[in-house]
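First comes the structure, then the notes that go with it.
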2 protein chains.
Amino acid sequence: MTEHNTTITAAILVIGDEILSGRTKDQNIGFIAEYLTNIGIELREVRVVPDEEAEIVAAVNALRARYTYVFTTGGIGPTHDDITAECVAKALGVEIAVDERAVDLLLTRMKREDLNEMRLRMCRIPKGADLILNPISAAPGFRIENVMVMAGVPRIMQAMLDNVAPTLATGVKIKSESIDVELPEGVYAAGLKEIAERYADVSIGSYPSFGTAGRSNQVVLRSKDEERLAKASDEVRALVARLIAARATH
Amino acid sequence: MTEHNTTITAAILVIGDEILSGRTKDQNIGFIAEYLTNIGIELREVRVVPDEEAEIVAAVNALRARYTYVFTTGGIGPTHDDITAECVAKALGVEIAVDERAVDLLLTRMKREDLNEMRLRMCRIPKGADLILNPISAAPGFRIENVMVMAGVPRIMQAMLDNVAPTLATGVKIKSESIDVELPEGVYAAGLKEIAERYADVSIGSYPSFGTAGRSNQVVLRSKDEERLAKASDEVRALVARLIAARATH
C-alpha cells in the first residue's frame, strides 16, 4: 500500500436480485465502506443493480470511468444466474475464458472429475486479470484494470478484500472525531453551521439517533488535517457547553 | 393502493456521508426493498451518494426519469449538512419555501419561539409537494411528482413509508418460493440452468449461505404467475431429490 497525497476514490457495485427483492439484507456495503475509510480510500458512491447484463455493464462502465477503484460483490458462483465475470469482461471489451490458474485453485478442493461444466464457470476470468485469492472456498475473484470483482458471501468477500487491499494505492487517511450532544439538533444547528462555514476543510455532520426531537445526537467532524480537525472539534465542544449552560440558567 | 397489470418500478436513493464513510450502517435499503416487494413494486436500483448538491441532483434526475418511483432517505433535518429538500427542488426545477402546513406540524411539538431559523429549514418544502406525515418527530417528508423524500432515521423512515404507501400504484405482486438444497451448488447448477431455460417467466437464483463449497444453499424462484412458479418449484425439488438419491448410490 502506497500513501499518496492525492485523493483516492472508490465505488461499490452490489450485484444481485436477492438484495433488491429484500430477501437478503446486504452486509457488504457497510463493511467495505469502513474498511476503505480506514486505509485512506474515499468511498464516493454505491449502486445496487439486478442480475441483468445490460444493467451490470452500464454500471461498471459508469463507475470505473469516474472513480479510482470499483469493488463489485456478488454473481461469481457456478449457477446460471452468476454473470458478473462475463459482464465485467464485456464492459472492459476484453475476452473471457477458462483460466488455468483458477482451475488449479479449484483442484486443491475437488477431484478433476467433479470439476463439471458449471463449476468451470467459476474459472472463467477476463484476459489480463489478476486473481484475488479466496481462502474460504478456493474459487477466486479477480482484478482487471481498476475493477475488483469479489464474492457476495460476506465471509468470502472480506477475505478477498484483505487479499487485494495491499495492491491498492491509498490517500491520506481521513481522521474523524465524534462528539455526543445532549441537546436537540435545532438548538445547536445555527452555531454548528457557523463553525462549519469557518472550517471549510473539515466536513461536519450532525446525526440524530432517534429523530429530530431526540436528545441523543452525534456531531461527526472529518478532515485530512489533524490540527484543523482538533480546532474545529474544540469549537464544537465549546458551543455545546455554552448552550447547555444557557439552558440551565433558564 | 391500486393494483395494475403493468410493472411498477422503483429506485432508492440513500443520501449521506455517514453511510459512505462506514460510520453508520444503512438499515433502510433492506427494509424498503422487502416492503416494496410485499406491495407489488419492483425495486430495480439503489444508489448511495454523499451530501453534495451536484451528486444528489444528478442522481435524483437519473432515477426519476427511469423508474415509476424514487424513494430518498436522509438529509431532511435542521442542520447545515441536510440539503436534500433543496436538491430535490433544484432537480425538479421548482421553487422551495417555508411551507405553512409543515410549520403547523412542528408547532404541535414546540413553542413558536423555539422554531428558530435552523428548525424552519425542516419546513422548507418544494412548491407543489404533498407532505408525508411523521408521527415520531413531526418534521414531515414530502412527495413531489414521483419522488418520495423521507428521513434517514429508520424508525421515522418506516413510519413515513407506511404513510405514503397507500398513495402508490402497485403492480402484480411477485410470488416466491425458497427451496433449501443440501448439495453443493456445482452439483445442481447444470440441472437448475436447464429448468431456468424452460421457465423464462420464472426468475431462478441460487444463494449459498457460506461459500460455494458450502452445503447450505437456497434456490429462490420468483414469478408473477403462481401456476408457473409452482410447476418450476416442483421441478427443482424433483431435481434435488434425484441428485441426492444418485449420490447415495455411489
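Here is a yes/no grid of residues against (1) among the β-branched types (Val, Ile, Thr); (2) without any contact (Cβ under 8 Å) to a residue 24 or more places away in the chain:
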site: B:18; (1), (2): no, yes
site: B:22; (1), (2): no, yes
site: B:27; (1), (2): no, no
site: B:34; (1), (2): no, yes
site: B:39; (1), (2): yes, no
Qualifying residue in the range B:212-220 (condition: buried (at least 21 other Cβ atoms within 10 Å of the Cβ), more than 11 Å from chain A (Cβ to nearest Cβ), in contact (Cβ under 8 Å) with a residue 24 or more places away in the chain and not small (Gly, Ala, Ser)): no
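Quick grid of which residues meet (1) aromatic (Phe, Trp, Tyr); (2) buried (at least 19 other Cβ atoms within 10 Å of the Cβ); (3) modelled with pLDDT under 95; (4) touching an Asp or Glu at 6+ places or on another chain (Cβ under 6 Å):
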{"position": "B:21", "(1), (2), (3), (4)": "no, yes, no, no"}
{"position": "B:46", "(1), (2), (3), (4)": "no, yes, no, no"}
{"position": "B:50", "(1), (2), (3), (4)": "no, yes, no, yes"}
{"position": "B:56", "(1), (2), (3), (4)": "no, yes, no, no"}
{"position": "B:65", "(1), (2), (3), (4)": "no, no, no, no"}
- prompt: Of the residues that sit in the range B:103-137 and are within 18 Å of residue B:74 (Cβ to Cβ) and of a type in the set (Gly, Ala, Ser), which one is nearest to the other protein chains (Cβ to nearest Cβ)?
  reply: B:137
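Conditions (1) within 21 Å of the chain's Cα centre (by Cα); (2) not in a loop (DSSP other than H, G, I, E, B), marked per residue:
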{"site": "B:12", "(1), (2)": "yes, yes"}
{"site": "B:22", "(1), (2)": "yes, no"}
{"site": "B:35", "(1), (2)": "yes, yes"}
{"site": "B:40", "(1), (2)": "yes, no"}
{"site": "B:72", "(1), (2)": "yes, yes"}
{"site": "B:79", "(1), (2)": "no, no"}
{"site": "B:91", "(1), (2)": "yes, yes"}
{"site": "B:101", "(1), (2)": "no, yes"}
{"site": "B:105", "(1), (2)": "no, yes"}
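Could you identify the single residue in B:195, B:179 that is more than 12 Å from chain A (Cβ to nearest Cβ) and either in a loop (DSSP other than H, G, I, E, B) or of a type in the set (A, V, I, L, M, F, W, C) (or both)?
From the options B:195, B:179, the qualifying one is B:179.
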task: Return the residue satisfying two criteria in turn: it lies in the range A:77-94 and is more than 8 Å from chain B (Cβ to nearest Cβ) and in contact with a strand residue (DSSP E or B) (Cβ under 7 Å, 6 or more places away or on another chain), and of such residues it is surrounded by the most Cβ atoms within 10 Å (Cβ to Cβ).
output: A:88
task: State whether one or more residues within the range B:174-189 are under 30 Å from residue B:67 (Cβ atoms), within 25 Å of the chain's Cα centre (by Cα) and crowded, with 21+ Cβ neighbours inside 10 Å.
output: no
query: From the set of residues in the range A:148-160 that are crowded, with 21+ Cβ neighbours inside 10 Å and touching a residue at least 60 places away in the same chain (Cβ under 8 Å), which is farthest from the other protein chains (Cβ to nearest Cβ)?
result: A:148
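Yes/no matrix, rows are residues, columns are (1) closer than 14 Å to residue A:71 by Cα; (2) facing chain B (nearest Cβ under 7 Å); (3) not polar (S, T, N, Q):
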| residue | (1), (2), (3) |
| --- | --- |
| A:7 | no, no, no |
| A:14 | yes, no, yes |
| A:21 | no, yes, no |
| A:28 | yes, no, no |
| A:49 | yes, yes, yes |
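Given the structure, is residue A:84 touching a residue at least 40 places away in the same chain (Cβ under 8 Å) and hydroxyl-bearing (Ser, Thr, Tyr)? Talk me through it step by step, then tell me what you get.
Values: touching a residue at least 40 places away in the same chain (Cβ under 8 Å): yes; hydroxyl-bearing (Ser, Thr, Tyr): yes.
The answer is yes for residue A:84.
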field: Some residue of the range A:158-172 being charged (D, E, K, R), at pLDDT 95 or above, assigned to a loop (DSSP other than H, G, I, E, B) and in the same structural domain as residue A:58 (by TED's automatic domain parsing)
entry: no
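The values are calculated or read from the model by the stated rules, or taken from the named source; none is laboratory data. All of these numbers come straight from a predicted model, not from anything done at the bench. Reconstructed Cβ throughout: ideal geometry from the backbone, glycine too, with neighbour counts over all protein chains shown.
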